[in-house]
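Visitor: Let me begin by handing over the structure; questions about it come next.
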Amino acid sequence: MTSVVVLAVGGVGAWIYQDLNDNISSADVDDKLGGDRPENLSPGSKNILVVGSDSREGANAEYGNKKDLTTMQSDTLMVLHVPADRKWAAIVSFPRDSWVEIPACDMGNGKTSSPHKGKINEAFAIGGTSGEVAEAAACSIKTVEAHTGLRIDNFMSVDFSGFKGMVDALDGIEVCPEQAIKSDKARLDMKAGCQTVDGETALGYVRVRYGVGDGSDIGRIGRQQEFMNALVKKAKERLTSPNSLYGFLQSATKSLTTDPDLAGIQPIYALANELKGIPSDRLAFLTVPNYPREADIPTDRANVVWQYPQAANLFTSLAKDKEMTKAQLQAAVKDLVYASSVRVQVLNGTGVSGRAAAVAEKLRTAGFTVAGTGNAPETVSKTAITFPTGLEKQAAVLSSRLPKARSAASADATAGVVTLVVGPDLNVAELV
């Protein structure tokens, strides 16, 4: 969507250019991220975190059912990966119900939050306790970087009111729901089948969750991705009209808060110029592979966990600037292995008392089945995973959570379990 927002900016008058330029807000996050960050493994590529803000401030106050919220919220969380060669791109959606470890974050009120487990969208709310976008975005960036290994280079926060204006400037967008949708919370009463919707209806359509399909956030992500595709196509058709162009750009730029490097028409235009040549069939809309956490923790019916090793493979591909298509990802996620089906034997190879028990507890929290703990026959210098023939998939699930551990099949491995020998290199606090 970024590319169609600014493709024609170079042709508008100087006063309009300045008008649009002044609309974009800037928030500096660099001094809030700390020094322990992933490296960019592919110079020239970039990862842009895109947050759909669920704030109830200002023009957004009339939307949604969370009128008692006192902090900023992220309704949508995505990463746009732009490769070094600019020949393809990927937009990765993160389910807001993803159950992850949220690191300590500056809350913007002189306090720092404690690391804890929660839904991934909670990170934006924690950082945004004081209502500042910089702190909110910084906490989301820290959380995404910690769990993906991707270096986030830029961020954009887009609010609801701007989204509505963009749709109205294009005289609506066509959507094709397979079933009728009626939701008081989302202010929706739609019939089934193709129809053109205005901004307010479109906002409800991409946000509605309950009462549609299986009521999951995954279904909503699918609608959001389809809608973005339709929005891009309509914008390319309609932005030749000066009135439509100006209205669209006004709404788009007023809805944006970015880091300083993207805060202005010129840098966004430069980015759009790089993206506009990418063929539509090489722009992949992807969702982090996941499954209901209930499969691992029966009492949790509200969250999802990421599917490993598929999620790790996706992040590694993007970190190394290797294209991942939707078809490739869909083929990979069919091979589903729940963490609860992986039986792990944890052995302490550090010589430090209690390490096996500490690691075992972390693995149980992550949904793994711990078959037993004990001491390794001898101390080791590095963490290692061994497994018998036939448990390759189960070992891969564990290995993807411990990327620095060596993993190999062994004829001497204990039957029926994946054995984890804990070495001194394993930081228990970082095991999630």
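Visitor: Name every residue in the stretch 146-189 that is farther than 30 Å from residue 403 by Cβ and of a type in the set (D, E, K, R), in order of residue number.
Guide: Result: 159, 164, 168, 171, 174, 178, 182, 184, 185, 187, 189.
Visitor: I'd like the full set of residues that are among the aliphatic types (A, V, I, L, M), at pLDDT 90 or above and in contact with a helix residue (DSSP H, G or I) (Cβ under 6 Å, 6 or more places away or on another chain), limited to the stretch 52-100.
Guide: 100
Visitor: Return the total of residues in the stretch 383-417 being modelled with pLDDT of 95 or more and of a type in the set (Asp, Glu).
Guide: Within the stretch 383-417, residues that are modelled with pLDDT of 95 or more and of a type in the set (Asp, Glu) number 1.
Visitor: Going through the stretch 275-319 one residue at a time, which ones are of a type in the set (Ser, Thr, Tyr) and over 21 Å from residue 220 (Cβ atoms)?
Guide: 280, 299, 308, 316, 317
Visitor: Of all residues in the stretch 392-413 being part of a loop (DSSP other than H, G, I, E, B) and touching a strand residue (DSSP E or B) at 6+ places or on another chain (Cβ under 6 Å), which is nearest to residue 351 (Cα to Cα)?
Guide: Filtering first and then ranking leaves 405.
Visitor: I'm checking my understanding of the structure. Among residues of the stretch 178-203 that are of a type outside the set (A, V, I, L, M, F, W, C) and surrounded by 20 or more Cβ atoms within 10 Å (Cβ to Cβ), which one is nearest to residue 246 (Cα to Cα)?
Guide: Going through the qualifying residues, I end up with 199.
Visitor: If you don't mind, there's one more thing I want to ask. Find all pairs meeting these conditions: Cβ atoms under 7 angstrom apart; at least six residues apart or on different chains; first residue within the stretch 263-275 and within 16 Å of residue 45 (Cβ to Cβ) and hydroxyl-bearing (Ser, Thr, Tyr); second residue at pLDDT 80 or above and surrounded by 18 or more Cβ atoms within 10 Å (Cβ to Cβ).
Guide: Nothing qualifies.
Visitor: Residues being over 18 Å from residue 381 (Cβ atoms), exposed (fewer than 15 other Cβ atoms within 10 Å of the Cβ) and β-branched (Val, Ile, Thr): count how many of those fall in the stretch 331-364.
Guide: 0
The values are calculated or read from the model by the stated rules, or taken from the named source; none is laboratory data. Keep in mind the model is a prediction, meaning the values are calculated, not measured. Because the Cβ atoms are built from the backbone with ideal geometry, glycine has one as well, and the counts that use them run over all protein chains shown.
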